[in-house]
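Just so it is clear, none of the values below were taken in a lab; they were calculated from the coordinates. Given the structure is predicted, the values throughout are model-derived calculations rather than measurements. Because the Cβ atoms are built from the backbone with ideal geometry, glycine has one as well, and the counts that use them run over all protein chains shown.
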Amino acid sequence: MDTKIQIKQYIAENYLFSNNGFNLDDDESFLEAGIVDSLGVIELVSFVEETYDIEVPDDDIVPDNFDSINNLTGYITSRTV
């Protein structure tokens, strides 16, 4: 499954509690939109580590990596290539 689609599905099901998919812009800030809070970021990190079999160092848990679909997709791609 495409990384971006997989992330959207995870966000929709686990944060938006929606079966209708992810209907926001791919650059929409999770934090500013109120989708993810600080605890949600930790859950998102766990999802990334388990799903993509990568270890996310604490220094990488920043908005540039985890605050939108595009940021997260770019981060995962950079860590799995």
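Here are some notes:
- For the chain, alpha-carbon Rg over 2.2 N^0.38 Å: 0.99
- Considering only LEU39, ASN14, SER68, and ranking their Cα positions along the charge dipole of the chain that arises from unit charges at the beta-carbon of Lys, Arg, Asp and Glu, the one farthest toward the positive end is ASN14.
- Residues ASN70 and ASP37, FRET efficiency given R0 of 22 Å [Cβ-Cβ distance, rounded to 0.05]: 0.65
- Helical runs assigned H by DSSP (4 residues or longer) give the chain a calculated mean residue ellipticity at 222 nm of -16000 deg cm²/dmol, each run adding -39500 (n - 2.57) before division by the residue total.
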